[in-house]
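Remarks on the structure that follows.
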Amino acid sequence: MSTAHNVEPVVKEPQKYGLLAEFHDVQTLLDAAVALRKAGYKKWDCYTPFPVHGMDKAMGLRPSILPWIALAGALGGVFTILALAPLCNAFLYPMIFSGKPYWGMPGHIPMAFALGILGGTVFVVHGLFVLARLPQFYHPLFTAERFRRVTDDGMFIAVEATDPSYSPSATSQLLTKLGAAAVEEIRD
Amino acid sequence: MASVTTTQVPGMTGDFDNTLDDGVSQAPLVLGEATFREVTRKICRVAEAPRAPMAWYVAFAISTSLVGVLGVMITYAIFTGVGVWGNNSPVFWGFPIINFVFWVGLAHAGTFISAILLLFRQKWRTGINRFAEATTVFAVVCAGLFPGIHVGRPWFAYWMAPVPNVMGAWPNFYSPLLWDAIAVFTYTNVSLLFWYVGMIPDLATFRDRSKTRLRHTVYGILAMGWRGSAKHWQLYERTILILAGLATALVLGVSSTVSTDFAVSQLPGWHETIFPPYFTVGAIFSGFALVLALAIPARELFGLKDLITKRHLDNLAKITLVMGSIVTYIYLMEFFIAYYSGNGYEQFAYLTRIMGPYWRMGWLILFCNCVVPQIFWFKFARTTWWLALPAALLCLVGMWSERFVIIVTVLNRDFLPSAWHNYAPTWVDWLTFAGSIGLFFTLFLLFCRFLPMIAMSEVKSILPQAQGHVHEDSPAAAAGH
């Protein structure tokens, strides 16, 4: 209790998240994305209600490792069955079914096929959520009123304040020059 | 703004025919005022209306009553024993397996549309893929129900899984019944995940438009915090593409595996190498008939004629025709091979189909699956609801009858005439089947009312104003330096 008077009220200053710029058509957005990449920005992203073709090229996004995750899952499923079937029917409880060998791979292929697909699917969907860091129920951008339209007809670019090239005035001017209809500052 | 360019056709009236393909400029897939905002509004309107159309309440009341009947019938069958069904010796597989194969088949159109048509870049799929995928999920639910109760003692159903147990006994991995269980388990999970992942951006739209706290919370949780980030879209599109590739293999694999339940046995009429493609094509045929039969009332009821256009119905009917024609070819081939094999048992099995105790159903199949779809050669029939809807329903009747005839006519005429016994379903069988239809429609009606019925983000992405080009040296790009 004696130290209570030393404790200062901890009110965190709202941290700056960055700038949110709204665009009105896809072509301007794509051109702006190319320009931001060329200007050397690193921590920024585009937000659209639908996937824009060519956006990964405009932003310079690298291909993801998702196909490899799917492959790992599919192979995992296939080999699970190819190992489990002989384990059960040939080692743990050897049994002859209709004169077939204990360990006959052709009869196990239909299940290996199905489980391979299941493994690939489960892995790729979980891979999506892990790589995209979803679910994420709070994001600073959700505080902006205009950002609610990102799932309707709104198209945005957000540049984060932690980007080395970020400067509140210069970045804002650049975004306006690139055709942004509105630029606003977002606080965390 | 996006409204600058629309695909509005000048002088277009309410009943515009957009089924003409002139090869140079394709008919529009979205009619009316095709802005992003208008697409959102039209689709969300269905789920955001304070009250559903009256027809929805009537249909929902009927469907939920049938679900009640289903519950009573299952309880009755489990407490009394499977003797309440018509299954007998030698027809051990009666309605449960007929209905199982029928429902699994109905599921196939959704996967076909969302997987194979995606790989072939068929843009028209965007208007119908979401609710076709929903029919897949719900049809698989109905299908899974039947083997579950057919085991008679559902509390031992887990014996099908390789669970370590005190008896040291394991399932037979050579058994097609186990392959089938795994295939349907896989299908359930894959179709559910495909459906859900595809729906996430649209659930986010619902979240952002929600007016009440409850809707905001529920759709917010389901949308997982989706915010339309380009990095997320890249991962999302890649995921959908991989899922489509996997599901394409699956759509060809599931009914093939189901058919091995029959083809791996030694019975004439079942023991045929044509069975895997036969079951798969039949499944896709019945599935498209179902989607056609559902799309016609749904677009009327929920005012979605601008998004599910006549061109969509036209295409659905064309695929139904193609699949129906392949089914016809397979029927002819089966009869031909039975004749050509010179095997008396095989020939007897096929003559039994059209001349045996169930000859009426045999001819009904040939009429419904071979003759009826042929009206879809005519564009008038493809785009006129009062012709297309009854034709699609007859295709469904035909495919159900086909499952009945394949199962019953092979079993009821065993090798020894002394073992012959006819099969007649009981009232419990019929009410259980009716209940499964009720279950399907209950789930489908709930989906129409509370979930995005059309893939908004996908429809938006095919609009002309969603297209752009990446210019590395544009003046705007130079402005960044």
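The values are calculated or read from the model by the stated rules, or taken from the named source; none is laboratory data. All values derive from a computational prediction rather than experimental measurement. Glycine also receives a Cβ, built like all others from the backbone with ideal geometry; neighbour counts cover every protein chain displayed.
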> Which one of these is within 20 Å of A:GLY107 (Cα to Cα), in contact with a helix residue (DSSP H, G or I) (Cβ under 7 Å, 6 or more places away or on another chain) and touching a residue at least 40 places away in the same chain (Cβ under 8 Å): B:PRO162, B:PRO176?
Replying inline: B:PRO176
> Conditions: (1) surrounded by fewer than 22 Cβ atoms within 10 Å (Cβ to Cβ); (2) more than 10 Å from chain B (Cβ to nearest Cβ). A:VAL159 meets all but one. Number of the miss?
Replying inline: (1)
> Are any residues in region B:343-390 among the β-branched types (Val, Ile, Thr) and farther than 22 Å from B:SER401 by Cα, and if so, which ones?
Replying inline: B:THR383, B:THR384
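So, restricting to helices (runs of 4 or more DSSP H) that lie completely within region B:374-478, which ones have at least 2 residues that are within 30 Å of A:MET155 (Cα to Cα)? Break it down stepwise before answering.
Working: elements: B:379-383, B:385-412, B:427-450, B:456-461.
The qualifying helices (runs of 4 or more DSSP H) are B:427-450, B:456-461.
Might you let me know whether region B:97-116 holds any residue that is away from chain A (no Cβ under 14 Å), part of a loop (DSSP other than H, G, I, E, B), modelled with pLDDT of 90 or more and surrounded by 14 or more Cβ atoms within 10 Å (Cβ to Cβ)?
Applying the first criterion (away from chain A (no Cβ under 14 Å)) to region B:97-116 yields B:97-103, B:105-110, B:112-113, B:116.
Next cut, part of a loop (DSSP other than H, G, I, E, B) only: B:107.
Cutting the leftovers down to modelled with pLDDT of 90 or more gives us B:107.
Next cut, surrounded by 14 or more Cβ atoms within 10 Å (Cβ to Cβ) only: B:107.
Taking every residue of region B:97-116 in turn, at least one turns out to be away from chain A (no Cβ under 14 Å), part of a loop (DSSP other than H, G, I, E, B), modelled with pLDDT of 90 or more and surrounded by 14 or more Cβ atoms within 10 Å (Cβ to Cβ).
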> Limited to region B:241-252, what total is found for residues that are at the interface with chain A (Cβ under 9 Å from one of its Cβ atoms) and crowded, with 21+ Cβ neighbours inside 10 Å?
Replying inline: 5
> What is the one condition in (1) at negative phi; (2) small (Gly, Ala, Ser); (3) out of contact with any His (no Cβ under 8 Å at 6 or more places or on another chain) that B:ALA283 does not satisfy?
Replying inline: (3)
> What is the number of the single condition among (1) farther than 17 Å from B:PHE146 by Cβ; (2) in contact with a Gly (Cβ under 6 Å, 6 or more places away or on another chain); (3) surrounded by fewer than 21 Cβ atoms within 10 Å (Cβ to Cβ) that B:VAL82 does not meet?
Replying inline: (1)
>> Regarding region A:76-96, can at least one residue be identified that is at the interface with chain B (Cβ under 7 Å from one of its Cβ atoms), buried (at least 18 other Cβ atoms within 10 Å of the Cβ), at pLDDT 95 or above and under 30 Å from B:MET160 (Cα atoms)?
In response: no
> Does any residue of region B:188-205 turn out to be within 11 Å of chain A (Cβ to nearest Cβ), under 27 Å from B:LEU243 (Cβ atoms) and either in contact with a Gly (Cβ under 6 Å, 6 or more places away or on another chain) or of a type in the set (Phe, Trp, Tyr) (or both)?
Replying inline: yes
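Can you confirm whether B:LEU463 is of a type in the set (A, V, I, L, M, F, W, C), modelled with pLDDT under 90 and crowded, with 21+ Cβ neighbours inside 10 Å? Outline the logic, then answer.
Values: of a type in the set (A, V, I, L, M, F, W, C): yes; modelled with pLDDT under 90: yes; crowded, with 21+ Cβ neighbours inside 10 Å: yes.
Spelling it out, B:LEU463 is indeed of a type in the set (A, V, I, L, M, F, W, C), modelled with pLDDT under 90 and crowded, with 21+ Cβ neighbours inside 10 Å.
How many of the residues in region A:30-41 are in a helix (DSSP H, G or I) and more than 7 Å from chain B (Cβ to nearest Cβ)? Talk me through it step by step, then tell me what you get.
Narrowing region A:30-41 to residues in a helix (DSSP H, G or I): A:30-38.
Remaining after also requiring more than 7 Å from chain B (Cβ to nearest Cβ): A:33, A:37.
Within region A:30-41, residues that are in a helix (DSSP H, G or I) and more than 7 Å from chain B (Cβ to nearest Cβ) number 2.
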>> For region B:207-225: of the residues being in a loop (DSSP other than H, G, I, E, B) and over 24 Å from A:LEU128 (Cα atoms), which is nearest to the other protein chains (Cβ to nearest Cβ)?
In response: B:SER210
>> Quick check on my filter: what residues within region B:120-145 are surrounded by fewer than 22 Cβ atoms within 10 Å (Cβ to Cβ), in a helix (DSSP H, G or I) and out of contact with any Leu (no Cβ under 8 Å at 6 or more places or on another chain)?
In response: B:GLY144
> Looking only at residues in region A:97-112 that are assigned to a loop (DSSP other than H, G, I, E, B) and either of a type outside the set (A, V, I, L, M, F, W, C) or surrounded by 19 or more Cβ atoms within 10 Å (Cβ to Cβ) (or both), which one is nearest to the other protein chains (Cβ to nearest Cβ)?
Replying inline: A:LYS100
>> Return the residues of region A:42-69 that are more than 7 Å from every other protein chain (Cβ to nearest Cβ) and in contact with a strand residue (DSSP E or B) (Cβ under 6 Å, 6 or more places away or on another chain); say none if nothing qualifies.
In response: A:LYS43, A:TRP44
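State whether the residues of region A:113-132 include one that is at pLDDT 90 or above, within 30 Å of A:ALA182 (Cβ to Cβ) and at the interface with chain B (Cβ under 7 Å from one of its Cβ atoms). Before you say what the answer is, go through the steps one by one.
Filtering region A:113-132 for residues at pLDDT 90 or above gives A:113-132.
The next check asks that each one be within 30 Å of A:ALA182 (Cβ to Cβ); those that pass are A:132.
If we keep only those that are at the interface with chain B (Cβ under 7 Å from one of its Cβ atoms) as well, we get A:132.
Taking every residue of region A:113-132 in turn, at least one turns out to be at pLDDT 90 or above, within 30 Å of A:ALA182 (Cβ to Cβ) and at the interface with chain B (Cβ under 7 Å from one of its Cβ atoms).
Does A:PRO135 count as within 7 Å of chain B (Cβ to nearest Cβ) and loosely packed, with under 15 Cβ neighbours inside 10 Å?
Values: within 7 Å of chain B (Cβ to nearest Cβ): yes; loosely packed, with under 15 Cβ neighbours inside 10 Å: yes.
Criteria met by A:PRO135.
Yes or no, residue by residue, for (1) more than 15 Å from the chain's Cα centre (by Cα); (2) of a type in the set (A, V, I, L, M, F, W, C):
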residue: B:VAL58; (1), (2): yes, yes
residue: B:SER65; (1), (2): yes, no
residue: B:SER89; (1), (2): yes, no
residue: B:LEU106; (1), (2): no, yes
residue: B:PHE112; (1), (2): no, yes
residue: B:ARG121; (1), (2): yes, no
residue: B:GLY144; (1), (2): no, no
residue: B:PRO147; (1), (2): yes, no
